[in-house]
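Notes follow the structure.
The values are calculated or read from the model by the stated rules, or taken from the named source; none is laboratory data. Remember, it's a predicted structure, so these values are computed and weren't measured experimentally. Note that we place each Cβ from the backbone using ideal geometry, even for glycine, and neighbour counts take in every protein chain shown. With ligands, DNA and RNA removed, areas are computed over all heavy atoms of the protein, side chains included. Shrake-Rupley method; radii C 1.70, N 1.55, O 1.52, S 1.80 Å.
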Amino acid sequence: MASLILFVYVMYVSYGYIDTYGQKPNEQIKTLPLHGLIKNGSPFLGNVSAPITIIDFSDFQCYLCNRFVKNAEPLINQTYIQTGKVALVFGHLPNRGLDSMDAALAAQCTNDQGKFWQFHNLLYSNQKPIDSGWVSKENLKNFASQISGLDIKQFNTCFDNEKYKSFVQKDIDLALCFGFRETPSFIVENSNGSNPEMLSGALPFESFKAVIDKKISAG
């Protein structure tokens, strides 16, 4: 147990997060403040002063992630993100297929140019069966070329050089530290990183609403 705690602590320090542990045996309380996530380059939607953060660990080849994007996410956006109550952060957990890592790398490259969410939505709206070639390197470049205002030369350089390979791996390590193995998996927390609650699967909007409203009421 001591070696596990040391591993988690070292991983978090290297990622730029603070990791604290409660006094109860076997209880680990990890803090992931919104400003730290943003500083490290995680894509996000919403106001940086939002009191609540949702971290969504997803894979672009995951059909349950697609279900979340099509059903619950728009309602979360309308009800909480657009009203300044929630910031939504995307974490990469590309574990559904061999092509998932390339999709994650490409998406993070679009974040360099402020186009992550356009690319995110484009991939999910064109999702096909896992490893069917729909997110091959060539197709990912084709998807990127469809985004208005994206400098495709800059994107291709970033993607071809696997600029964000270590970044995505850190997201994977982070997800594993929370015990996440499936996508989508979520952390809903106060934006200072306190009081995290875990959710898993393509849950309905009502499941998120219950957790968010409870945290807002708690102040």
Any cysteine of the chain lacking a neighbouring Cys Cβ under 4.7 Å - listed by number:
Cys177
Per the charge dipole of the chain (beta-carbon charges, Lys/Arg positive, Asp/Glu negative, Cα centre), the residue among Ser217, Thr183, Asn195 reaching farthest to the positive end is Ser217
Only bridges whose two residues both fall in the chain count here: according to DSSP, what percent of them are antiparallel, nearest 5?
70
Estimated FRET transfer efficiency (Ser194, Ser166; beta-carbon r; R0 25 Å; 0.05)
0.35
Would any residue of the range 59-76 have its amide N under 16 Å from a label point 7 Å out along Cα→Cβ of Ser132? List them or say none.
60-67
What is the spin-label model distance, in nm, from Ile38 to Thr157 if the labels are put 7 Å beyond Cα along the C-beta direction?
2.7
Whole-percent carbon and sulfur contribution to the accessible surface of the chain (1.4 Å, no ligands, DNA or RNA) stands at 54
Extent along principal axes [Cα atoms of the range 156-201; Å; largest to smallest]
39, 24, 16
The range 34-136: C-alpha pair distances exceeding 16 Å, %
57
Once each part is reduced to its C-alpha centroid, what is the distance from the range 36-75 to the range 159-219 in angstrom?
8
If you take Cα Rg over 2.2 N^0.38 Å from the coordinates, which of [x] 1.11; [y] 1.00; [z] 1.58 do you get?
[y]
